[in-house]
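Beneath this line is the structure, given in C-alpha coordinates, with notes to follow.
The values are calculated or read from the model by the stated rules, or taken from the named source; none is laboratory data. These numbers were taken from a predicted model, which means no experiment stands behind them. Counting neighbours? That spans all protein chains shown, and the Cβs are built from the backbone with ideal geometry, glycine included. Ligands, DNA and RNA are stripped out before the accessible areas are found, and what is left, the full protein with its side chains, is counted by its heavy atoms. Shrake-Rupley method; radii C 1.70, N 1.55, O 1.52, S 1.80 Å.
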Amino acid sequence: MRRLFALLFLTCGLTNLLAEETRTWTSADGRTLEASMVEATEQNVTLRLSNGQRFTLTLDKLSDADQEFIRATLADAARVDGLDSEPWSSRLEAEWVKIPIEEHGLVFQSFASSALKRESNQPFPLWIHLHGAGGRAVDVETGKVEIMAQKLALPENYDEHPCLIIAPLCPPDTYWGSHTQKLEKLIDHLTASLPVDRNRIYLSGYSMGARGIGSLLESRPKSYAAAMFADGDAKAEWVETVEAAVWFWFSGERNLEGARSVAEAFQAAGKIAHFEGFPDFTHNQIHWKLAHDEEVYPWMFSQVRD
(Lines give C-alpha, C1' and ligand atoms only; values in the text may rest on other atoms or scores of the structure.)
Protein backbone atom coordinates (compact mmCIF):
# COMPACT_ATOMS: atom_id res chain seq x y z
CA MET A 1 0.00 0.00 0.00
CA ARG A 2 2.84 2.41 0.88
CA ARG A 3 4.50 1.78 -2.51
CA LEU A 4 1.17 2.26 -4.32
CA PHE A 5 0.53 5.62 -2.64
CA ALA A 6 4.13 6.71 -3.28
CA LEU A 7 3.94 5.72 -6.96
CA LEU A 8 0.66 7.54 -7.41
CA PHE A 9 2.05 10.70 -5.90
CA LEU A 10 5.18 10.56 -8.08
CA THR A 11 3.52 9.75 -11.40
CA CYS A 12 0.16 11.51 -11.30
CA GLY A 13 -0.57 15.20 -11.34
CA LEU A 14 -3.06 16.03 -8.58
CA THR A 15 -4.17 19.44 -9.81
CA ASN A 16 -7.23 20.88 -11.49
CA LEU A 17 -9.52 18.56 -9.57
CA LEU A 18 -13.18 19.35 -9.06
CA ALA A 19 -13.64 19.96 -5.37
CA GLU A 20 -17.08 18.39 -5.28
CA GLU A 21 -15.72 15.20 -6.85
CA THR A 22 -12.52 14.74 -4.90
CA ARG A 23 -11.38 14.38 -1.32
CA THR A 24 -8.20 13.59 0.56
CA TRP A 25 -7.81 9.88 1.20
CA THR A 26 -5.48 8.46 3.85
CA SER A 27 -3.96 5.01 3.82
CA ALA A 28 -3.84 2.80 6.89
CA ASP A 29 -0.16 3.76 7.29
CA GLY A 30 -0.85 7.51 7.07
CA ARG A 31 -0.06 8.48 3.46
CA THR A 32 -2.54 10.73 1.63
CA LEU A 33 -3.70 11.45 -1.91
CA GLU A 34 -6.47 13.30 -3.73
CA ALA A 35 -8.98 11.20 -5.63
CA SER A 36 -12.68 10.77 -6.29
CA MET A 37 -14.69 7.69 -5.38
CA VAL A 38 -16.08 5.88 -8.43
CA GLU A 39 -17.83 3.00 -6.68
CA ALA A 40 -17.72 1.14 -3.41
CA THR A 41 -18.98 -1.92 -1.59
CA GLU A 42 -18.66 -3.04 2.00
CA GLN A 43 -15.36 -4.68 1.01
CA ASN A 44 -13.75 -2.56 -1.74
CA VAL A 45 -13.53 0.98 -3.10
CA THR A 46 -12.53 2.18 -6.57
CA LEU A 47 -10.84 5.58 -6.68
CA ARG A 48 -10.09 7.79 -9.68
CA LEU A 49 -7.20 10.22 -9.96
CA SER A 50 -7.24 13.50 -11.88
CA ASN A 51 -5.65 11.83 -14.92
CA GLY A 52 -8.48 9.30 -15.08
CA GLN A 53 -6.48 6.39 -13.71
CA ARG A 54 -8.55 4.07 -11.54
CA PHE A 55 -7.52 1.57 -8.93
CA THR A 56 -9.39 -0.63 -6.48
CA LEU A 57 -8.48 -1.14 -2.82
CA THR A 58 -9.87 -3.25 -0.03
CA LEU A 59 -11.25 -1.05 2.73
CA ASP A 60 -8.71 -2.27 5.27
CA LYS A 61 -6.01 -0.48 3.27
CA LEU A 62 -7.60 2.86 4.20
CA SER A 63 -7.79 4.80 7.44
CA ASP A 64 -10.64 4.21 9.87
CA ALA A 65 -12.05 7.64 8.99
CA ASP A 66 -12.09 6.83 5.27
CA GLN A 67 -13.71 3.46 5.92
CA GLU A 68 -16.43 5.21 7.93
CA PHE A 69 -16.89 7.77 5.13
CA ILE A 70 -17.43 4.97 2.59
CA ARG A 71 -19.91 3.15 4.81
CA ALA A 72 -21.80 6.39 5.45
CA THR A 73 -21.91 7.09 1.71
CA LEU A 74 -23.30 3.62 1.04
CA ALA A 75 -25.87 4.10 3.78
CA ASP A 76 -26.97 7.46 2.31
CA ALA A 77 -27.36 5.84 -1.12
CA ALA A 78 -29.53 3.13 0.43
CA ARG A 79 -31.64 5.83 2.14
CA VAL A 80 -32.36 7.49 -1.21
CA ASP A 81 -33.38 4.12 -2.64
CA GLY A 82 -35.79 3.69 0.28
CA LEU A 83 -38.41 5.83 -1.46
CA ASP A 84 -38.35 3.56 -4.51
CA SER A 85 -38.89 0.30 -2.66
CA GLU A 86 -41.63 -1.12 -0.49
CA PRO A 87 -43.17 -0.25 1.80
CA TRP A 88 -42.57 3.46 1.14
CA SER A 89 -42.91 3.40 -2.64
CA SER A 90 -46.66 2.85 -2.16
CA ARG A 91 -46.98 5.41 0.66
CA LEU A 92 -46.33 8.54 -1.41
CA GLU A 93 -49.89 9.20 -2.54
CA ALA A 94 -50.54 12.42 -0.57
CA GLU A 95 -52.97 10.65 1.72
CA TRP A 96 -52.84 9.26 5.22
CA VAL A 97 -51.61 5.68 5.52
CA LYS A 98 -52.01 3.62 8.68
CA ILE A 99 -49.09 1.41 9.67
CA PRO A 100 -49.94 -1.52 11.99
CA ILE A 101 -48.36 -2.05 15.38
CA GLU A 102 -46.43 -5.08 14.14
CA GLU A 103 -44.13 -2.89 12.07
CA HIS A 104 -42.65 -0.68 14.78
CA GLY A 105 -44.33 -1.43 18.10
CA LEU A 106 -46.83 1.43 17.83
CA VAL A 107 -49.69 2.09 15.45
CA PHE A 108 -48.93 5.24 13.52
CA GLN A 109 -50.12 7.13 10.48
CA SER A 110 -47.90 8.67 7.83
CA PHE A 111 -48.51 11.33 5.21
CA ALA A 112 -46.12 11.82 2.30
CA SER A 113 -46.30 12.67 -1.38
CA SER A 114 -44.23 12.08 -4.48
CA ALA A 115 -42.88 15.62 -4.01
CA LEU A 116 -40.30 14.02 -1.73
CA LYS A 117 -38.78 12.37 -4.81
CA ARG A 118 -38.60 15.40 -7.11
CA GLU A 119 -35.02 16.02 -6.07
CA SER A 120 -33.85 12.66 -4.84
CA ASN A 121 -30.48 14.03 -3.82
CA GLN A 122 -32.12 16.45 -1.39
CA PRO A 123 -33.13 15.12 2.04
CA PHE A 124 -36.55 16.09 3.36
CA PRO A 125 -37.80 17.09 6.84
CA LEU A 126 -39.49 14.71 9.27
CA TRP A 127 -42.35 16.00 11.45
CA ILE A 128 -43.58 13.96 14.45
CA HIS A 129 -46.89 14.97 16.05
CA LEU A 130 -48.05 13.48 19.37
CA HIS A 131 -51.74 13.74 20.25
CA GLY A 132 -53.32 14.49 23.61
CA ALA A 133 -54.77 12.03 26.12
CA GLY A 134 -58.18 12.03 24.44
CA GLY A 135 -56.71 10.39 21.36
CA ARG A 136 -55.48 7.24 23.09
CA ALA A 137 -56.84 4.05 21.49
CA VAL A 138 -55.98 0.54 20.40
CA ASP A 139 -56.70 1.42 16.78
CA VAL A 140 -57.75 4.47 14.79
CA GLU A 141 -59.61 5.23 11.59
CA THR A 142 -57.22 6.02 8.75
CA GLY A 143 -56.98 9.77 8.30
CA LYS A 144 -58.22 10.58 11.79
CA VAL A 145 -55.36 12.61 13.24
CA GLU A 146 -55.20 15.59 15.56
CA ILE A 147 -55.74 19.06 14.12
CA MET A 148 -52.04 20.04 13.99
CA ALA A 149 -51.19 17.09 11.75
CA GLN A 150 -54.37 17.63 9.70
CA LYS A 151 -53.49 21.23 8.93
CA LEU A 152 -49.89 20.41 8.06
CA ALA A 153 -51.09 17.89 5.45
CA LEU A 154 -53.39 20.38 3.69
CA PRO A 155 -52.15 21.57 0.29
CA GLU A 156 -51.73 25.18 1.41
CA ASN A 157 -49.12 24.04 3.94
CA TYR A 158 -47.79 20.78 2.51
CA ASP A 159 -47.16 22.05 -1.02
CA GLU A 160 -44.97 24.78 0.44
CA HIS A 161 -43.23 22.46 2.91
CA PRO A 162 -43.20 18.84 1.66
CA CYS A 163 -42.09 16.49 4.40
CA LEU A 164 -42.77 13.12 5.98
CA ILE A 165 -45.48 13.52 8.65
CA ILE A 166 -45.75 10.84 11.33
CA ALA A 167 -48.69 10.73 13.77
CA PRO A 168 -48.27 7.85 16.26
CA LEU A 169 -51.12 6.44 18.37
CA CYS A 170 -50.69 6.15 22.13
CA PRO A 171 -52.25 2.95 23.56
CA PRO A 172 -55.02 3.24 26.21
CA ASP A 173 -54.06 3.74 29.85
CA THR A 174 -50.50 4.73 28.97
CA TYR A 175 -48.61 7.97 28.46
CA TRP A 176 -46.18 9.09 25.78
CA GLY A 177 -43.38 9.21 28.31
CA SER A 178 -43.53 5.43 28.67
CA HIS A 179 -43.09 5.04 24.89
CA THR A 180 -40.04 7.27 24.43
CA GLN A 181 -37.80 4.39 23.38
CA LYS A 182 -40.34 3.13 20.83
CA LEU A 183 -40.68 6.60 19.37
CA GLU A 184 -36.91 6.98 19.16
CA LYS A 185 -36.56 3.58 17.48
CA LEU A 186 -39.19 4.66 14.95
CA ILE A 187 -37.34 7.93 14.28
CA ASP A 188 -34.04 6.04 13.99
CA HIS A 189 -35.57 3.59 11.53
CA LEU A 190 -36.97 6.37 9.36
CA THR A 191 -33.74 8.36 9.31
CA ALA A 192 -31.71 5.22 8.53
CA SER A 193 -33.94 3.88 5.74
CA LEU A 194 -35.20 7.10 4.08
CA PRO A 195 -33.45 10.32 2.97
CA VAL A 196 -34.63 12.26 6.00
CA ASP A 197 -32.72 15.43 6.80
CA ARG A 198 -31.37 14.68 10.28
CA ASN A 199 -30.94 18.42 10.87
CA ARG A 200 -34.64 19.11 10.24
CA ILE A 201 -36.60 16.80 12.55
CA TYR A 202 -39.56 18.65 14.06
CA LEU A 203 -41.76 17.79 17.03
CA SER A 204 -45.22 19.03 17.94
CA GLY A 205 -47.60 17.96 20.65
CA TYR A 206 -50.68 18.97 22.59
CA SER A 207 -51.24 18.37 26.32
CA MET A 208 -50.10 14.77 26.96
CA GLY A 209 -48.48 14.94 23.53
CA ALA A 210 -46.54 18.05 24.56
CA ARG A 211 -45.31 16.21 27.63
CA GLY A 212 -44.33 13.39 25.28
CA ILE A 213 -42.18 15.63 23.12
CA GLY A 214 -40.74 16.99 26.34
CA SER A 215 -39.60 13.42 27.12
CA LEU A 216 -38.04 13.17 23.65
CA LEU A 217 -36.21 16.46 24.17
CA GLU A 218 -34.95 15.31 27.56
CA SER A 219 -33.73 11.98 26.16
CA ARG A 220 -31.99 13.46 23.10
CA PRO A 221 -31.61 17.19 23.75
CA LYS A 222 -29.43 17.81 20.68
CA SER A 223 -31.32 15.76 18.09
CA TYR A 224 -34.21 18.00 17.04
CA ALA A 225 -34.45 21.25 15.12
CA ALA A 226 -37.61 22.64 16.71
CA ALA A 227 -40.57 21.77 18.91
CA MET A 228 -44.09 23.20 19.04
CA PHE A 229 -45.31 22.78 22.59
CA ALA A 230 -48.99 23.30 23.53
CA ASP A 231 -50.18 23.13 27.15
CA GLY A 232 -47.66 20.60 28.44
CA ASP A 233 -45.18 20.93 31.30
CA ALA A 234 -42.44 23.44 30.48
CA LYS A 235 -39.38 22.62 32.58
CA ALA A 236 -36.68 25.07 33.59
CA GLU A 237 -33.97 22.38 33.48
CA TRP A 238 -34.38 22.13 29.71
CA VAL A 239 -32.65 25.47 29.29
CA GLU A 240 -29.21 24.03 30.03
CA THR A 241 -29.45 21.01 27.71
CA VAL A 242 -32.09 21.36 24.99
CA GLU A 243 -30.78 22.86 21.76
CA ALA A 244 -34.00 22.76 19.74
CA ALA A 245 -35.86 25.98 19.05
CA VAL A 246 -39.06 25.87 21.11
CA TRP A 247 -42.35 27.68 20.73
CA PHE A 248 -44.59 27.47 23.81
CA TRP A 249 -48.36 27.89 23.49
CA PHE A 250 -50.33 27.98 26.75
CA SER A 251 -53.93 28.50 27.79
CA GLY A 252 -55.19 30.02 31.00
CA GLU A 253 -56.00 26.54 32.32
CA ARG A 254 -52.31 25.57 32.52
CA ASN A 255 -49.24 27.12 34.13
CA LEU A 256 -49.09 29.99 31.70
CA GLU A 257 -46.70 32.18 33.68
CA GLY A 258 -44.40 29.26 34.44
CA ALA A 259 -44.11 28.53 30.73
CA ARG A 260 -43.45 32.19 30.03
CA SER A 261 -40.55 32.18 32.49
CA VAL A 262 -39.06 29.07 30.85
CA ALA A 263 -39.27 30.71 27.41
CA GLU A 264 -37.60 33.84 28.76
CA ALA A 265 -34.85 31.71 30.32
CA PHE A 266 -34.23 30.09 26.91
CA GLN A 267 -33.96 33.54 25.35
CA ALA A 268 -31.65 34.79 28.10
CA ALA A 269 -29.38 31.81 27.40
CA GLY A 270 -29.14 32.87 23.76
CA LYS A 271 -31.44 30.11 22.51
CA ILE A 272 -34.45 30.39 20.22
CA ALA A 273 -37.75 30.35 22.08
CA HIS A 274 -41.15 31.99 21.69
CA PHE A 275 -44.11 32.19 24.01
CA GLU A 276 -47.79 32.67 23.25
CA GLY A 277 -50.12 32.96 26.23
CA PHE A 278 -53.91 33.01 26.00
CA PRO A 279 -55.39 33.44 29.49
CA ASP A 280 -58.95 33.50 28.15
CA PHE A 281 -58.59 30.24 26.19
CA THR A 282 -59.51 26.84 27.58
CA HIS A 283 -57.19 23.86 27.42
CA ASN A 284 -59.28 22.31 24.64
CA GLN A 285 -59.06 25.47 22.53
CA ILE A 286 -55.31 26.00 22.58
CA HIS A 287 -54.26 23.40 20.01
CA TRP A 288 -56.91 24.66 17.59
CA LYS A 289 -55.48 28.15 17.98
CA LEU A 290 -51.97 26.83 17.39
CA ALA A 291 -52.85 24.72 14.37
CA HIS A 292 -54.58 27.61 12.59
CA ASP A 293 -51.83 30.16 13.14
CA GLU A 294 -50.32 31.08 9.75
CA GLU A 295 -46.85 31.71 11.18
CA VAL A 296 -46.39 28.33 12.85
CA TYR A 297 -45.46 26.16 9.89
CA PRO A 298 -43.05 28.59 8.14
CA TRP A 299 -41.33 29.21 11.48
CA MET A 300 -40.88 25.50 12.20
CA PHE A 301 -39.50 24.70 8.76
CA SER A 302 -37.07 27.62 8.95
CA GLN A 303 -35.35 26.04 11.96
CA VAL A 304 -32.30 23.90 11.22
CA ARG A 305 -30.25 22.02 13.79
CA ASP A 306 -26.63 23.19 13.99
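Couple of notes before you dig in:
- Nonpolar atom fraction for the chain, defined as the carbon and sulfur part of the 1.4 Å probe accessible area, stands at 48 percent.
- Estimated at 0.36 nm per residue, the fully extended path between residue 304 and residue 75 surpasses their Cα-Cα distance by 80.2 nm.
- Local electrostatic count, residue 56, Cβ distance below 11 Å [Lys/Arg +1, Asp/Glu -1]: +2
- Stokes-Einstein D (µm²/s) once Rh is taken as the Kirkwood radius of the chain over alpha-carbon pairs, at 10 °C in 1.306 mPa s: 73 µm²/s
- In terms of the mean number of neighbouring beta-carbon atoms within 10 Å, the peptides 51-59, 93-101, 130-138 order highest first as 130-138, 93-101, 51-59.
- Accessible area of segment 145-302 divided out per residue, in Å², using a probe of 1.4 angstrom: 42 Å²
- Simple label model, 7 Å out from Cα along Cβ direction - residue 294 to residue 65, nm: 4.9 nm
- Lysine pair count for the chain with Cα-Cα distance under 20 Å and sequence separation of 8 or more or different chains is 11.
- Residues residue 21 and residue 274, FRET efficiency given R0 of 41 Å [Cβ-Cβ distance, rounded to 0.05]: 0.45
- Label point distance in nm, residue 283-residue 55, each placed 7 Å from Cα along Cα→Cβ: 7.0 nm
- Alpha carbon centroid spacing (whole Å) that separates segment 134-184 from segment 48-126: 23 Å
- Multiplying the residue separation of residue 241 and residue 188 by 0.36 nm and removing their Cα-Cα distance gives an extension gain of 17.0 nm.
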